[in-house]
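The values are calculated or read from the model by the stated rules, or taken from the named source; none is laboratory data. For clarity, every value in this text was computed on a predicted model and none was experimentally measured. Every residue, glycine among them, receives a Cβ derived from its backbone with ideal geometry; neighbour counts consider all protein chains shown.
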Amino acid sequence: MEPGDLVYTLAGPHGNTIAHFAWTPKQPGAEIVHSVVPFIAVALAGFALLAALVPGTPCPHCHRPMHPSMALDLDHADDRSGYRGLAHASCNRRAGANKRNAARANTTLAPVKSRKW
Ligand SMILES: [Zn+2]
């Protein structure tokens, strides 16, 4: 780490260090803050949710328990206005695929009705 690097240490609820954010300023201070803070805010929200996750909290998609050791995603609100919380990574991605598939469903053939002979 070089002198002049900025470091932000994220501490967990028990005072343990969860993450360090470090970057080397290449711009005057105010601009750095404006360009870096949104990324840190999203990262912090994710870390904070993960740190606050009670093991066994049900996934909003499949309602099976979530654990911090699992692959978890930050779940987007449907209208992209923000984040709803954590979900299984697989469930969150499947939900996104389902939305895309639903948009395409109009082009699929209607099921053929069985004929009475
Ligand atoms: Zn799930």
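Is one or more of the residues making up segment 21-35 modelled with pLDDT under 80, more than 16 Å from the ligand (Cβ to nearest atom), assigned to a loop (DSSP other than H, G, I, E, B) and surrounded by 12 or more Cβ atoms within 10 Å (Cβ to Cβ)?
Scanning segment 21-35, I find at least one residue that is modelled with pLDDT under 80, more than 16 Å from the ligand (Cβ to nearest atom), assigned to a loop (DSSP other than H, G, I, E, B) and surrounded by 12 or more Cβ atoms within 10 Å (Cβ to Cβ), so the answer is yes.
Taking segment 62-76 as the range and being buried (at least 17 other Cβ atoms within 10 Å of the Cβ) and near the ligand (Cβ under 8 Å from one of its atoms) as the test, only 66 passes. On the stretch given as segment 40-60, residues that are under 16 Å from residue 73 (Cβ atoms), modelled with pLDDT of 85 or more and not in a strand (DSSP E or B) total 2.
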